[in-house]
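A quick write-up on the structure given underneath.
The values are calculated or read from the model by the stated rules, or taken from the named source; none is laboratory data. Computed from a prediction, not measured in an experiment: that's the story for all the values here. Note that each Cβ is placed from the backbone with ideal geometry, even for glycine, and that neighbours are counted across all protein chains shown.
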Amino acid sequence: MSRASGGRPILVVDDDAKIVRLVRTYLEREGFHVVTAGDGATALETIARERPRLAVLDLMLPELDGRAVIRELRYQGEKIPILILSARGALADRLRGLEDGADDYLPKPFSPAELVLRVKSILRRTDAADEGPAGTTAELVELTHGDLAVDPARYEVRRDGVPIDLTRTEFQLLLALLQADGRVLSRDQLLDAVYGRDAADILDRTIDVHIGRLREKLADDAEAPRYIATVRGVGYRAARSVNAS
């Protein structure tokens, strides 16, 4: 394991030492501090100890594979951004990675320059969220939808007063839908709301994955929605009527 001096690092997790060296070299050239791990169990220990800003994570790892690492982190409520870097490049694998809670997916073989750009893209989004949402006073007013309360100023969501733990992406999706005030938002519009200028590099199916995870956390039924309704062939909107339980 290695680390450049100072600051919260980027964690690179891969059992291929050549890939670790390559990724570390390119990230350090851009001024990032880097720590590394060669298996899933060590990755979890390193995250708990180092509190990295982001993890670049292979899926096929010894001891504990990458998907298990992601699921364990999300189960613990750990919101560290994750960029999957894997030889499993099929669309189904990419979508499963997003369903598990990854923020982005880059298949191998990969361009180190593209990896650096994706790391910077994720950090722009997460750092902006950590600083708090920008906007007018009206945009920061708490929104309610039935028994659901969304506070943009604090990045908090509560149902009947009970907090719901959402990722930044899930929160931004929910906020965009409620702020649309019943209007249907296409997948492209939701990508823009969540990813901004980086939306062109993101699969539109990503929105469906995040909506599915958001519905699961809200205990929302897609066939009888209380919060998020699907408009087939178009996109999503806030459900028109809510009967709070």
request  = Scan region 137-185 for residues that are among the polar types (S, T, N, Q) and either buried (at least 16 other Cβ atoms within 10 Å of the Cβ) or in contact with a Lys or Arg (Cβ under 9 Å, 6 or more places away or on another chain) (or both) and report the count.
outcome  = 4
query = Residue check: is G31 farther than 22 Å from L214 by Cβ and surrounded by fewer than 22 Cβ atoms within 10 Å (Cβ to Cβ)?
reply = yes
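When you check A92 against the structure, is it within 20 Å of the chain's Cα centre (by Cα), without any contact (Cβ under 8 Å) to a residue 12 or more places away in the chain, assigned to a helix (DSSP H, G or I) and not assigned by TED's automatic domain parsing to the domain that holds H210, yes or no?
yes
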note = Of (1) assigned to a strand (DSSP E or B); (2) hydrophobic (A, V, I, L, M, F, W, C); (3) in contact with a Leu (Cβ under 6 Å, 6 or more places away or on another chain), A41 fails just (1)
ask   = Name the residues in region 63-108 that are crowded, with 17+ Cβ neighbours inside 10 Å, of a type in the set (G, A, S) and within 23 Å of D16 (Cα to Cα), would you?
value = G66, S86, G97, A102
